[in-house]
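Take a look at the structure set out below.
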Amino acid sequence: MIEKKLEIVKTEIWRDSETRTHRYVFRREWESAKKDEKTGPLAVVITIRPSDIEPFTTDLTLFLIEQNIRKLGNYSGFLAVNLFSSTELTTASSFDSKGTDENTMETLSTALSQKGVKTIIFAVGSVIHSNTTAVEQTKAIYNLLNAKQKKMTKVLTDPNTGSWSHPLNPSCRKSWKLADIDPKVFEQLLPK
C-alpha cells in the first residue's frame, strides 16, 4: 500500500535591509496538510553566529538543528537566533567590533517572545569559556528573558561531558541531550 503525505515547510528570515550582513532570525515551520494533525509548539535555538542571510540555503548547523528538533517531537518548527547577528564574522576576535548592530538585541527579544515558543535552547558550545564578549552576550540574552521564559530555557549538553555544546559537536549531531539551566552558571561563566 502507498501512503501519500504532504508536509508544507515555511521559512522566514529577518535580516538588515541596508548592508544585508546581519541575520537576526531564521524561522522554519512545518505543518501537515492533513487537517487532523495538529501543529506543535516552537523551539528557539541560540547558536553563535549565522553563516548567511538567504532563506533557501541551509548550512550544516541549521540542518542539524532542524533534524534534532524534529527528533525531539511535539514541535512544529524552530527559530534560530544567534549571540551575534553578523554574517561577516571570521574570528572570535571580531565579535567585539562587528558582531552585532543596533537591531540585534531588539529582534532577539521579539523572537524570544513569539507566540507558540515553548522551549528556548542555548546551543553555544565552549565559546562561553573562551571569549569574554560571547559570555557577556549570553548573559545579556538570558537577562532579556522574563521569569516564565527562564523556566522554559534549556542548554544543549555534550552527553559525554555534560558541558555546554553546539549542534556541530560530533557527540550531539545525532541526538540532543537538553539540561535545565542553573541561573548561577552565569556567575561562573568567565573565560579561562
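Some observations on this one:
- With R₀ fixed at 30 Å, the C-beta to C-beta distance from Asn146 to Lys177 puts the FRET efficiency at about 0.70.
- 3J(HN,Hα) from dihedral phi, the range 154-161, Karplus parametrisation 6.51/-1.76/1.60, rounded to Hz, x for glycine, proline: 10, 10, 6, 10, 6, x, 8, 10
- Compared with the alpha-carbon gap, the fully stretched path from Phe63 to Ser126 is longer by 20.6 nm at 0.36 nm per residue.
- Approximate spin-label separation Thr161-Met1, in nm, with each point projected 7 Å along Cα-to-Cβ: 4.9 nm
- Residues with amide H under 5 Å from that of Val45, placed H, sequence gap 5 or more: Leu79, Ala80, Val81, Ile121
- Solvent exposure of the chain as accessible area per residue, Å², 1.4 Å probe: 55 Å²
- The range 1-105 - share of DSSP beta bridges that are antiparallel (%, nearest 5): 70 percent
- Amide hydrogen proximity for Arg15: with H placed 1.01 Å from N in the peptide plane, the residues at 5 or more positions away or on another chain lying under 5 Å are Tyr24.
- Scalar couplings 3J(HN,Hα) for the range 103-115, obtained by applying the Karplus form with A = 6.51, B = -1.76, C = 1.60 to θ = phi - 60°, are 9, 4, 5, 5, 6, 4, 4, 5, 4, 5, 9, 4, 4 Hz; x denotes Gly and Pro.
- For the range 60-69, putting each phi into the Karplus relation 6.51 cos²θ - 1.76 cosθ + 1.60 with θ = phi - 60° gives couplings of 4, 4, 5, 4, 5, 4, 4, 4, 7, 5 Hz, in residue order, rounded to whole numbers and with x for Gly and Pro.
- Base-10 log of normalised Debye intensity for the range 84-192 (one unit scatterer per alpha-carbon) at q = 0.14, 0.15 Å⁻¹: -0.60, -0.70
- Look at the alpha carbon pairs under 8 Å that are at least 6 residues apart: their mean separation over the length of the range 45-192 gives a relative contact order of 25 percent.
- Viscosity 0.692 mPa s, temperature 37 °C, Stokes-Einstein D of the range 1-110 from Kirkwood C-alpha radius, µm²/s: 217 µm²/s
- Accessible surface of the range 95-186, 1.4 Å probe, proportion on carbon and sulfur as whole %: 48 percent
- Taking the inverse of the mean 1/r over every pair of distinct Cα atoms in the chain gives a Kirkwood hydrodynamic radius of 17.2 Å.
- Theoretical ellipticity at 222 nm over the chain - DSSP helices of four or more residues, -39500 (n - 2.57) apiece, nearest 500: -7000 deg cm²/dmol
- In this structure, Thr19 and Lys71 have a Cβ-Cβ separation that, at R0 = 25 Å, corresponds to a calculated FRET efficiency of about 0.10.
- The fraction of accessible area contributed by carbon and sulfur in the range 1-85 is 52 percent, rounded to a whole number (1.4 Å probe; ligands and nucleic acids excluded).
- Magnitude of the charge dipole, the range 51-171, Cβ model with Lys/Arg +1 and Asp/Glu -1, debye to 20: 820 debye
- The length gained on full extension between Ile8 and Glu31, counted as 0.36 nm times the residue separation minus their Cα-Cα distance, comes to 7.7 nm.
The values are calculated or read from the model by the stated rules, or taken from the named source; none is laboratory data. Since we're looking at a predicted model, the values are computed, not measured. No Cβ is skipped: glycine too gets one built from the backbone with ideal geometry, and neighbour counts run over all protein chains shown. Accessible surface is based on the protein model in full, side chains and every heavy atom, while ligands, DNA and RNA are left aside. Shrake-Rupley method; radii C 1.70, N 1.55, O 1.52, S 1.80 Å.
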